[in-house]
1. What is the one condition in (1) surrounded by fewer than 13 Cβ atoms within 10 Å (Cβ to Cβ); (2) closer than 30 Å to Gly109 by Cα that Thr26 does not satisfy?
2. Identify the residue in region 57-109 that is in contact with a Ser or Thr (Cβ under 8 Å, 6 or more places away or on another chain) and of a type in the set (Ser, Thr, Tyr) and, among all such residues, is surrounded by the most Cβ atoms within 10 Å (Cβ to Cβ).
3. Within region 86-105, identify whether any single residue is within 30 Å of Leu2 (Cα to Cα), within 17 Å of the chain's Cα centre (by Cα) and of a type in the set (Phe, Trp, Tyr), and answer yes or no.
4. Kindly indicate the residue of region 42-54 that is without any contact (Cβ under 8 Å) to a residue 24 or more places away in the chain and within 16 Å of the chain's Cα centre (by Cα) and also least open to solvent (accessible area, probe 1.4 Å) among those meeting that condition.
5. Mind counting the residues in region 63-109 that are of a type outside the set (A, V, I, L, M), over 22 Å from Pro16 (Cα atoms) and at pLDDT below 95?
Amino acid sequence: MLVKLRDLVKDLQVYPERMQKNLEITKGLYCSQSILLALTRAGVERKGAYEAVQRAAMKTWKGEATFAENAKKEPEIAAHLSAAEIDGLCSLDIHFKHVDATFRVLGLG
């Protein structure tokens with residue numbers, strides 16, 4: 001399986017500017033799972049956490065600010081996560097945390 005993955009990514013062409021633009025288009029919606037998991041770890045019932053995250057996501061989808069900004073304004077989310085925690089959970093650093101190690105395991109880094 002790792003050999004197949006390595007073969008898939010070894011010649012992958014990456015266009016950082018396009019990747020950045022694609023991420024910006026989403027306004028951070030890809031962070032919704034991180035917020036949902038953090039809420040459930042904080043003791044929020046999954047259904048309530050899901051509904052709160054969904055409300056913030058739908059506001060984002062409709063063009064009202066970024067997901068992080070909408071999450072901070074959502075009472076159920078703000079009651080359990082600070083603005084700094086939300087910013088951290090919506091940071092690309094989380095998503096890229098293991099990139100270097102992954103490429104080393106594949107023998108590509």
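The values are calculated or read from the model by the stated rules, or taken from the named source; none is laboratory data. Since the structure is predicted, the reported quantities are computational estimates derived from the model, not experimental observations. In this analysis, Cβ positions are derived from the backbone assuming ideal geometry, glycine residues included, and neighbour counts consider all displayed protein chains. These accessible areas exclude ligands, DNA and RNA; they are computed on the full protein's heavy atoms, side chains included. Shrake-Rupley method; radii C 1.70, N 1.55, O 1.52, S 1.80 Å.
1. Among (1) surrounded by fewer than 13 Cβ atoms within 10 Å (Cβ to Cβ); (2) closer than 30 Å to Gly109 by Cα, the lone unmet condition for Thr26 is (1).
2. Among residues in region 57-109 that are in contact with a Ser or Thr (Cβ under 8 Å, 6 or more places away or on another chain) and of a type in the set (Ser, Thr, Tyr), the one surrounded by the most Cβ atoms within 10 Å (Cβ to Cβ) is Thr60.
3. Of region 86-105, the ones within 30 Å of Leu2 (Cα to Cα) are 89-105.
Retained after the next criterion (residues that are within 17 Å of the chain's Cα centre (by Cα)): 89-99.
Now restrict to residues that are of a type in the set (Phe, Trp, Tyr): 96.
Yes, region 86-105 contains at least one residue that is within 30 Å of Leu2 (Cα to Cα), within 17 Å of the chain's Cα centre (by Cα) and of a type in the set (Phe, Trp, Tyr).
4. Of all residues in region 42-54, those without any contact (Cβ under 8 Å) to a residue 24 or more places away in the chain come to 45-47, 50, 54.
Restricting the remaining residues to those that are within 16 Å of the chain's Cα centre (by Cα) gives 50, 54.
Numbers: Tyr50: 109, Gln54: 72 Å².
Per the stated criteria, the residue is Gln54.
5. Result for region 63-109: 2.
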